[in-house]
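The values are calculated or read from the model by the stated rules, or taken from the named source; none is laboratory data. None of these values were measured; they are calculated from a predicted model. Don't worry about glycine lacking a Cβ; one is built from the backbone with ideal geometry, like all the others, and counts go over all protein chains shown. Only protein heavy atoms, including side chains, enter the accessible area calculation; ligands, DNA and RNA are left aside. Shrake-Rupley method; radii C 1.70, N 1.55, O 1.52, S 1.80 Å.
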Amino acid sequence: MGGQQADSAAVRAGHIRSFVRRQGRVSNAQQRYREAMMDSIGVPYAATRVDLDLLFGRAAPKILEIGFGMGETSAAIAAAHPENDYLGIEVHTPGVGSLCKLVAELGLSNQRIIQHDAVEVLREMIAPATLAGVHVFFPDPWPKKRHHKRRLLQPPLVGLLASRLQPDGYLHCATDWQDYAQQMLAVLSSEALLENAATDFAPRPSHRPQTRFEQRGLRLGHGVWDLLFRRRHDSLEAEDHRQDQLP
């Protein structure tokens with residue numbers, strides 16, 4: 001299917017994809033660890049709700065990460081917080097293989113991976129009000145104005161994310177593109193189920209380690225903007241009312 005046809009199909013399915021399936025080079029190690037680990041930590045996509053406690057074999061706070069890249073931050077967070085369970089979503093095979101390698105090397109038991117489109121995973125697999133947190137760190141900024149429609153954090157997705165959070169569950173986003181940060185702030189602030197945990201942008205929460213790329217950017221004077229929103233305590237009734245109003 002060509003690019004324009006794929007875009008049209010995505011629109012008909014209800015969303016515009018925020019990623020391009022570019023395979024990139026998969027190293028031998030990434031391929032080897034992906035083949036060895038995904039049977040145990042991989043979660044196949046299926047259009048049915050997944051029991052997250054059964055998936056991890058315990059009852060613990062569940063944190064979802066969208067677009068974990070090469071997985072360094074994901075693995076560091078999972079290693080630092082063994083009391084939580086982490087479900088990472090990524091479409092690109094090199095990143096999946098890289099995180100599999102880190103999970104094996106660190107002996108992590110609280111990390112699972114879905115290699116699929118995040119919107120479809122959220123819509124079909126994650127039940128409402130089940131997540132303690134969501135991480136969206138440095139999503140593709142799609143800097144050209146004509147591509148802004150591809151940006152991940154748009155009102156429909158933010159509404160879907162908010163509905164999957166438990167009351168007082170958090171949504172933590174970060175970007176190093178200022179105009180995207182301003183758009184994120186506007187979109188998140190307009191979602192009725194969420195409230196800002198800061199005045200506008202938040203200091204970097206301690207649970208998000210700085211990447212080498214981020215540290216280099218800061219040394220060069222580049223900015224990084226964190227946003228931390230929480231689902232309102234009274235939002236279950238608000239969400240029920242909103243669902244009642246749908247045609």
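Nearest 500 deg cm²/dmol is fine: what mean residue ellipticity at 222 nm does the chain get from its DSSP H runs of n ≥ 4 alone, each adding -39,500 (n - 2.57), divided by its residue count? Provide the component values of the computation, followed by the final result.
Values: 10 runs with 101 residues, N = 247.
The helix contribution divided over the chain gives -12000 deg cm²/dmol.
Ignoring ligands, DNA and RNA, what percent of the 1.4 Å accessible area of the range 104-247 is carbon and sulfur? Kindly include the intermediate steps, with their values, before the conclusion.
On the way: 3730 of 7250 Å².
Carbon and sulfur atoms account for 51 percent of the accessible area of the range 104-247.
To one decimal place, what Kirkwood hydrodynamic radius in Å is obtained for the range 118-247 from all pairs of distinct Cα atoms? Before the final figure, lay out the partial values.
Values: mean 1/r = 0.0645 Å⁻¹.
Across the range 118-247, the inverse of the average 1/r is 15.5 Å.
Over the chain, give the accessible area per residue in Å² for a 1.4 Å probe, as an integer.
Values: 12670 Å² over 247 residues.
Accessible area per residue, the chain: 51 Å².
Quick one: P(r) of the chain from all Cα-Cα pairs, 5 Å bins, percents rounded to integers, in order of increasing distance.
So the P(r) values, bin by bin, are 1, 6, 13, 17, 20, 19, 14, 7, 3, 1, 0.
For a quick check of your reading of the filter: which trypsin sites (Lys or Arg not before Pro) in the range 106-181 sit in a DSSP loop and have no more than 10 other Cβ atoms within 10 Å? Please list the in-between numbers first.
Details: sites: Arg112, Arg123, Lys144, Lys145, Arg146, Lys149, Arg150, Arg151, Arg164; in loops: Lys144, Arg151.
Here the sparse-neighbourhood loop sites are Lys144.
Could you order peptides 182-189, 53-60 by the average number of other Cβ atoms within 10 Å of their residues, highest first?
Numbers: 182-189: 17.5, 53-60: 12.6.
So the order, starting with the most tightly packed, is 182-189, 53-60.
In terms of the Cα gyration tensor, with a ≥ b ≥ c the square roots of its eigenvalues, is the range 33-80 rounded because a/c is under 1.5, prolate because a/b exceeds b/c, or oblate? If you can, show how the numbers build up before the last one.
On the way: a/c = 1.58, a/b = 1.19, b/c = 1.33.
In terms of gyration-tensor shape, oblate.
Based on the mean of other beta carbon atoms within 10 Å per residue, what is the order of 74-85, 40-51, most packed first?
Working: 74-85: 18.1, 40-51: 12.9.
Ranked by mean Cβ neighbours within 10 Å, highest first: 74-85, 40-51.
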